[in-house]
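Before any comments, here is the structure.
The values are calculated or read from the model by the stated rules, or taken from the named source; none is laboratory data. Quantities reported herein were computed from a predicted structural model and do not represent experimental measurements. Cβ sites come from the backbone with ideal geometry, for glycine too, and all protein chains shown count toward neighbours.
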Amino acid sequence: MGFKNTFLHLARLVKHGQFHRIGPLVFRYDDYRKFDALHPSEEDLLRQRSCRSGRQYRYAILITAESNDTKKTDVTICSVREQTYSNIEYKVYSELQDIKGYIASVNTDYIVFTNEGDILSKGALWSINRYINHTKAECLYTDEKKYEMSFDDENEFVFKPDYALYTLESCNYIGHFGVFSKPLLMRMDSVNVYELFLKASTFTKVWHLDKELIFTLKDYVPDYEKELLVVNTFLKDTNHDEEYAKTDIEGIYRPIINLKDIPKVSILIPNKDNVKILKTCLDSIWNKTSYSNYEIIIVENNSEKEETFAYYEDIKDRAKVVTWVGGWNYAAINNFGYKYTTGEYILLLNSDTEVINPAWIEEMLVFAQKSDVGIVGAKLFFPNGQIQHAGVTVGILGVAGHAFHAYAGDAKGYMNRAVSVQELSAVTAACLLIKRSVFDKVGGFNEGYAVAFNDVDLCLRVRKAGFKIIYTPYATLYHHESITRGTDTQSEEKMRRFAGEVDRFNRDWRDFLYGRDPYYNRNLSLENDYFQVAKDR
């Protein structure tokens with residue numbers, strides 16, 4: 001019997017009341033897909049049951065059953081009984097609060113939290129135990145699939161990024177399945193899984209086992225009010241001043257703007273001719289921006305039209321113009337312009353951008369003011385309203401690509417990632433806010449990247465220096481992409497230059513590319529930026 005048909009059979013038994021807790025129902029995975037540690041063949045199931053390599057940790061599986069729907073509970077219990085790993089026990093609770101006493105008294109190494117209706121793959125605990133033996137993890141989560149009890153629809157993969165606290169504060173992307181060592185759990189004094197994952201990073205590393213070891217119900221709806229309370233309580237308990245609020249999208253929370261001070265921001269804009277585009281950019285800053293403490297430095301590079309210099313004269317009281325005399329090199333031009341800035345923060349901005357949200361600078365400063373954040377990027381739209389940039393994924397097509405490029409402007413994206421704050425590996429320098437101290441620490445741009453990937457290289461070096469890169473969807477601008485320079489494939493010379501920078505990036509960041517972007521699951525395809533499941537996984 002195929003995997004999907006097996007679950008369909010199980011659903012029918014449950015629906016007609018023919019399922020009982022006594023006696024497990026055997027699931028067969030062998031027809032579902034090729035063997036791996038997640039969906040083993042019958043032969044490998046036997047091997048898992050007989051294999052006892054490494055330490056055999058003891059696991060207590062706690063099943064929360066708040067709805068009193070015994071059908072859902074039975075499904076979960078059945079999957080627990082079918083585990084190839086045997087050193088486990090399980091207990092069902094109607095409320096999380098009831099678990100506290102049990103946790104303190106149970107003789108176990110790890111506590112596993114799961115919900116009614118969840119189905120653990122047969123090898124879930126075997127894979128988890130093997131992973132813990134390898135990593136010594138005290139806290140971990142896994143990928144998952146979502147299913148419906150009717151099994152009329154295909155399962156939905158939920159391939160999560162590695163642990164990212166700021167992402168987790170804005171959206172509970174981890175879910176309700178988690179594994180915690182008992183000593184760690186005792187230190188955190190909580191039984192709410194979302195709260196536990198928020199707190200865990202203050203005690204230990206949170207590990208991500210990137211295999212879909214559990215199936216969760218599509219119709220499961222978290223208590224979003226409670227989630228928001230959990231986030232704000234966590235922030236208060238950890239002595240953070242910020243507070244999150246609800247958005248129009250359920251399960252997505254945004255920070256309330258609460259700046260510690262009003263630091264000076266230097267807006268650095270390279271420009272060559274095309275006064276109309278530059279004027280649109282500057283007018284949008286002057287007419288829309290609510291933040292007051294900023295300066296504008298325009299780096300003039302090789303303009304030829306008289307109207308350009310006449311415009312510079314017109315705006316000399318509102319913007320400083322400095323002149324770069326070398327050839328076109330985006331990295332070198334910005335490094336040159338940086339010398340004339342005086343702000344505590346540097347806002348790199350393309351001349352072909354246009355402000356949408358008046359609080360764009362404040363939205364970026366919310367995160368840039370944090371001591372562990374080095375760079376903050378914005379959400380950019382094409383003039384037609386489609387998404388131009390919602391973060392950068394490193395490794396796409398061998399180098400990097402913009403996440404959700406050309407998606408509809410209101411698209412939520414995979415796992416709501418286009419509309420929630422994200423920790424990422426990189427963001428575009430078309431609109432990028434960086435601390436002056438961080439820019440100095442990494443030595444600015446690598447001028448070997450004249451046109452392409454200079455911003456990705458900068459972000460990766462900032463991450464290597466120990467700082468986080470944040471994408472915020474609340475700082476919004478239009479981006480009239482490549483209007484002033486054209487694309488990098490319009491001439492043979494540009495194509496050669498682009499190919500050369502691709503080669504340079506692959507040499508400089510070979511280890512990172514080989515290891516994968518931690519914020520882009522290895523089960524997702526690198527052939528495009530659409531977050532599709534990889535064909536060869």
Tell me yes or no: at least one residue of segment 119-126 is touching a residue at least 40 places away in the same chain (Cβ under 8 Å), under 24 Å from D189 (Cβ atoms) and in contact with a helix residue (DSSP H, G or I) (Cβ under 9 Å, 6 or more places away or on another chain). no
Being assigned to a helix (DSSP H, G or I) and assigned by TED's automatic domain parsing to the domain that holds I296 narrows it down to one of V419, V451, V456, so name that one. V456
When you scan segment 105-123, do you find a residue that is part of a helix (DSSP H, G or I) and of a type outside the set (S, T, N, Q), even just one? no
Considering G515, G466, G448, G444, which residue is under 28 Å from F157 (Cα atoms) and of a type outside the set (S, T, Y)? G515
Residues of segment 489-537 satisfying the condition of being surrounded by fewer than 16 Cβ atoms within 10 Å (Cβ to Cβ), in the same structural domain as G448 (by TED's automatic domain parsing) and part of a loop (DSSP other than H, G, I, E, B): T489, Q490, S491
Residues that are over 24 Å from F467 (Cα atoms): list the helices (runs of 4 or more DSSP H) wholly contained in segment 162-249 that include at least 2 such residues. 182-188, 193-200, 224-237
The residue from L433, L397 that alone is of a type outside the set (S, T, N, Q) and under 23 Å from S525 (Cα atoms) is L397
If you go through segment 479-488 one residue at a time, do you hit one that is buried (at least 20 other Cβ atoms within 10 Å of the Cβ), farther than 17 Å from V399 by Cβ and among the charged types (D, E, K, R)? no
I'd like to know if segment 213-227 contains one or more residues that are surrounded by 15 or more Cβ atoms within 10 Å (Cβ to Cβ), without any contact (Cβ under 8 Å) to a residue 40 or more places away in the chain and under 12 Å from E169 (Cβ atoms). no
Output yes when any residue across segment 427-437 is crowded, with 24+ Cβ neighbours inside 10 Å and among the charged types (D, E, K, R), and no when none is. no
Mind listing whichever residues of segment 320-361 are aliphatic (A, V, I, L, M) and touching a residue at least 40 places away in the same chain (Cβ under 8 Å)? A331, A332, I333, I346, L347, L348, L349, V355, I356, A359, I361
